[in-house]
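Presented below is the structure to which this report refers.
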Amino acid sequence: MKASERPLTDLPPPPRAAALRAASLGEPAAAARLAMLYLQAFDLGAGNARPYQQLDFGALTGWLRAILETDPRSGYPLFAAARIYAEVDDPARSRAMLEFVHQAFLDDPNRRWPWLAHAALLAKHRLKDLPLARRYAADLQRLTTAANVPLWARQMEIFILEDMNELEAAKVMLGGLLHSGQLQDPAERRFLEEKLKELEARTTSRSRH
């Protein structure tokens with residue numbers, strides 16, 4: 001049978017995390033890695049004639065969720081969701097992956113913030129959905145507390161508000177950040193002070209018109 005005549009196959013139903021852990025023989029991280037390798041092999045061929053962009057993303061999300069629950073410390077399922085599956089040229093599938101990343105972030109914000117930051121950038125630049133990007137950025141600002149979370153991640157909402165022309169809200173957030181004592185880098189402080197002056201000038205100009 002020619003390759004073009006083979007029936008298209010899709011992902012089987014996702015396993016339960018409990019089943020993966022039970023099969024891991026006390027090595028859940030290893031079981032999670034093997035499951036991710038299975039997904040990658042499925043994407044790359046291995047008898048599958050359907051490109052991963054055409055997979056059932058409901059099943060795919062189920063697989064990624066089960067793998068993440070099996071090894072919650074692994075960043076690989078979220079990397080795949082944010083940097084591979086969410087970047088497909090299909091807005092509905094992309095949104096499904098971004099929402100998976102967002103829900104996973106809520107369970108462990110200080111560890112999983114990089115993937116939500118990437119999700120916010122995809123929502124802004126690829127989907128052109130500023131309200132969605134702001135929702136993700138707002139949760140980054142609100143829920144991350146670890147010292148190693150960079151300020152640029154917590155500042156994302158300010159710049160998205162500016163893009164949305166919500167200048168007053170951006171000013172309030174930026175002013176609060178400048179007075180919070182979080183800024184230790186003088187260059188970063190100067191940059192944000194100039195940004196605040198720019199926002200103030202724009203709001204003044206807009207009020208005159």
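Tabulated data
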| item | result |
| --- | --- |
| Residue in region 119-140 that is open to solvent by 80 Å² or more (accessible area, probe 1.4 Å) and aliphatic (A, V, I, L, M) present | no |
| Which listed residue is out of contact with any Leu (no Cβ under 7 Å at 6 or more places or on another chain) and modelled with pLDDT of 85 or more, from 29, 17, 81 | 29 |
| Among residues of region 20-39, those that are of a type outside the set (A, V, I, L, M, F, W, C) and surrounded by fewer than 13 Cβ atoms within 10 Å (Cβ to Cβ), counted | 1 |
| Filter result for the condition that a residue is free of Cβ contacts under 8 Å to residues at least 40 places away in the same chain, over 15 Å from the mean Cα position of the chain (by Cα) and open to solvent by less than 20 Å² (accessible area, probe 1.4 Å), over 196, 167, 151 | 167 |
| Top-ranked residue in region 174-193 [being modelled with pLDDT of 80 or more and either among the β-branched types (Val, Ile, Thr) or under 26 Å from the mean Cα position of the chain (by Cα) (or both); ranked as surrounded by the most Cβ atoms within 10 Å (Cβ to Cβ)] | 174 |
| Selection within region 51-70 - open to solvent by less than 30 Å² (accessible area, probe 1.4 Å) and not in a helix (DSSP H, G or I) | 55 |
| Number of the exception - residue 146 against (1) surrounded by fewer than 22 Cβ atoms within 10 Å (Cβ to Cβ); (2) in contact with a helix residue (DSSP H, G or I) (Cβ under 7 Å, 6 or more places away or on another chain); (3) in a helix (DSSP H, G or I) | (3) |
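The values are calculated or read from the model by the stated rules, or taken from the named source; none is laboratory data. Note that the structure is a prediction, hence the values are computed from the model and not measured. Reconstructed Cβ throughout: ideal geometry from the backbone, glycine too, with neighbour counts over all protein chains shown. Areas reflect the complete protein model, heavy atoms only, side chains present, ligands, DNA and RNA absent. Shrake-Rupley method; radii C 1.70, N 1.55, O 1.52, S 1.80 Å.
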